[in-house]
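S.K.: Sharing a structure below in structure tokens format, with a few things to ask.
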Amino acid sequence: MKITVNIDCTPAEARAFMGLPDFEPMQKRAMEEVEKSMMDALERYTPDALLKMWLQPATLNADWFQDILRQARK
């Protein structure tokens, strides 16, 4: 003999029925922290900030090269 029981409920209802803890408030707080840290990280990667990071070594090399030329002229 085989018996099949189909239960139509949401995952939250199933957790409550089984007596499992509700982690939804903790998960919301954790996701808010993740979102905040991602938004803070995005500010560092604006096009303006990226250009400054990429072009800074080029300007340092240009200054270094100009100093060498000035010293050679002396």
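S.K.: Identify the single condition in (1) loosely packed, with under 10 Cβ neighbours inside 10 Å; (2) among the acidic types (Asp, Glu); (3) assigned to a loop (DSSP other than H, G, I, E, B) that ASP22 does not satisfy, given that it satisfies every other one.
M.R.: Against the list (1) loosely packed, with under 10 Cβ neighbours inside 10 Å; (2) among the acidic types (Asp, Glu); (3) assigned to a loop (DSSP other than H, G, I, E, B), ASP22 comes up short only on (1).
S.K.: Can you pull out every residue in segment 1-19 that is surrounded by fewer than 10 Cβ atoms within 10 Å (Cβ to Cβ) and aromatic (Phe, Trp, Tyr)?
M.R.: none
S.K.: Right, here's the next one. Only one of ALA41, ALA62 is of a type outside the set (Asp, Glu) and surrounded by 10 or more Cβ atoms within 10 Å (Cβ to Cβ). Can you tell me which?
M.R.: Result of the check over ALA41, ALA62: ALA62.
S.K.: Mind listing just one residue for me: the one in segment 1-43 that is farther than 30 Å from MET53 by Cβ and of a type in the set (Ser, Thr, Tyr) and, of those, modelled with the lowest pLDDT?
M.R.: Within segment 1-43, the match that is modelled with the lowest pLDDT is THR10.
S.K.: Residue under question is ASP48, and the condition is that it be outside any helix (DSSP H, G or I) and either touching a residue at least 24 places away in the same chain (Cβ under 8 Å) or of a type in the set (Asp, Glu) (or both); does it hold?
M.R.: It is false that ASP48 is outside any helix (DSSP H, G or I) and either touching a residue at least 24 places away in the same chain (Cβ under 8 Å) or of a type in the set (Asp, Glu) (or both).
The values are calculated or read from the model by the stated rules, or taken from the named source; none is laboratory data. All of these numbers come straight from a predicted model, not from anything done at the bench. Methodologically, a virtual Cβ is constructed for each residue, glycine included, from the backbone with ideal geometry; neighbour enumeration extends over all protein chains shown.
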